[in-house]
Structures are given as C-alpha cells and as structure tokens.
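Novice: Here it is, the structure, as structure tokens.
The values are calculated or read from the model by the stated rules, or taken from the named source; none is laboratory data. The shown structure was predicted, so the numbers you read here are calculated from the model rather than taken from an experiment. Please note: Cβ atoms are built from the backbone with ideal geometry, for glycine as well, and neighbour counts cover all protein chains shown. Only protein heavy atoms, including side chains, enter the accessible area calculation; ligands, DNA and RNA are left aside. Shrake-Rupley method; radii C 1.70, N 1.55, O 1.52, S 1.80 Å.
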Amino acid sequence: QVQLVESGGGLVQAGGSLRLSCAASGRTFSTFSTYYMGWFRQAPGKEREFVAAISRSGGTTYYVDSVKGRFTISRDSGKNTLYLELKSLKPNDTAVYYCAAGDRTSCSFSVYITEHQYSYWGQGTQVTVSS
C-alpha cells in the first residue's frame with residue numbers, strides 16, 4: 001500500500017501564493033523515483049481535471065494551459081515529496097487538489113494527463129482563492 005498525504009492548502013486572496021506538498025510513504029512503497037507524479041484538482045460541481053505532472057527523473061513536466069506560467073511542479077526524491085507551487089492565484093483556481101502516483105511502464109503525454117493512469121491518490125487538500 002502506498003500512502004500519499006497532501007498539505008499546504010488554505011484560503012488566500014487573488015494574486016496570492018501557496019505551496020502544496022505531497023509526502024509519499026507506505027509498506028509496499030518502492031523507490032520514489034520509480035513513480036511519475038501528478039496533481040489534479042476538482043472544483044465544486046465539476047469533474048476532476050489534470051493540473052500538472054512530472055516524470056520519474058523530474059526532467060519533464062506538463063501543465064494544463066490555464067496554469068502555465070503560474071504553477072510549478074517539482075519533486076524531491078531525498079524527501080519522497082512532490083510539490084506544487086501556486087502563484088498569481090485566481091478565484092477559479094479554487095478546488096480540492098489531489099496528488100497521484102503512477103507506475104505504468106510506458107509514459108507519454110497522454111499517460112501523464114489521464115486519471116486512470118495513476119494508481120495511488122492522496123485525500124486532497126482544499127485551496128480557496130477569494131476575490
């Protein structure tokens with residue numbers, strides 16, 4: 001079993017910043033670097049959507065267009081932790097943010113952005129942006 005625990009969410013004014021963290025652990029947890037990682041979010045009344053993803057090595061990242069230039073995904077293998085830096089936040093960034101880990105053998109853009117290509121999920125952390 002792999003556990004992912006998000007933290008860092010909260011209430012912030014438009015234009016503000018937050019840093020989300022996702023700590024990975026578990027009895028069957030393999031080396032952190034064997035997983036590609038992603039952030040997804042779900043706003044009230046909407047389906048969960050892809051936000052950002054990072055490759056196993058950290059050398060490749062992907063973002064949904066609406067967050068490019070404002071959000072930054074990164075990972076620290078020494079700490080088994082995934083991060084998402086959120087800047088210039090907007091009210092429509094309000095959502096529950098989930099981190100996810102995937103272990104599919106083949107990786108491509110379509111894998112990184114697709115929910116069912118991730119095997120493990122955190123419980124989510126709420127981000128609320130006020131106008």
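Novice: Can you pull out the GluC sites (Glu not before Pro) in the stretch 40-125 whose DSSP state is coil and whose Cβ has at most 12 other Cβ atoms within 10 Å? If you can, show how the numbers build up before the last one.
Specialist: Working: sites: 47, 49, 85, 115; in loops: 47.
Loop-located and lightly packed - 47.
Novice: Output ³J(HN,Hα) for the stretch 12-24: one whole-Hz value per residue in order, computed from phi by the Karplus curve 6.51 cos²θ - 1.76 cosθ + 1.60 with θ = phi - 60°, and x for Gly and Pro.
Specialist: Values per residue, Gly and Pro as x: 9, 7, 3, x, x, 9, 9, 10, 8, 10, 9, 8, 9 Hz.
Novice: Using a 1.4 Å probe on the protein heavy atoms, what percent of the accessible area of the chain belongs to carbon and sulfur?
Specialist: Carbon and sulfur atoms account for 47 percent of the accessible area of the chain.
Novice: Which order do 107, 99 take when ranked by solvent-accessible area (1.4 Å probe, heavy atoms of all protein chains), largest first?
Specialist: The most accessible residue leads, giving 107, 99.
Novice: Per residue Cα convex hull volume for the stretch 47-119, in cubic angstrom? Present the calculation step by step, with values, prior to reporting the outcome.
Specialist: Details: hull volume 7.7 nm³, N = 73.
Output value, Cα hull per residue: 105 Å³.
Novice: Return the calculated 222 nm mean residue ellipticity for the chain, to the nearest 500 deg cm²/dmol, obtained by summing -39500 (n - 2.57) across DSSP H runs with n ≥ 4 and dividing by the residue count.
Specialist: Dividing the helical sum by the residues of the chain leaves -500 deg cm²/dmol.
Novice: Please compute the contact order of the chain in relative form: average sequence separation of alpha-carbon pairs under 8 Å and at least six residues apart, divided by the residue count, as a percent.
Specialist: Relative contact order of the chain: 35 percent.
Novice: Next question, about the same structure. Over the chain, average the accessible area per residue using a 1.4 Å probe and give it in Å², no decimals.
Specialist: 50 Å²
Novice: Also, quick follow-up: Considering only 121, 98, 57, whose Cα is most displaced toward the positive end of the charge dipole of the chain, charges sitting on Cβ of Lys, Arg (+1) and Asp, Glu (-1)?
Specialist: The residue sitting most towards the positive pole is 57.
Novice: Provide, as a two-decimal number, the C-alpha radius of gyration of the stretch 1-48 over 2.2 N^0.38 Å, N being how many residues it has.
Specialist: For the stretch 1-48, the normalised Cα radius of gyration comes out at 1.47.
Novice: Longest segment of the chain with no trypsin sites (Lys or Arg not before Pro) in a DSSP loop having at most 12 other Cβ atoms within 10 Å?
Specialist: Segment 80-131 is the longest.
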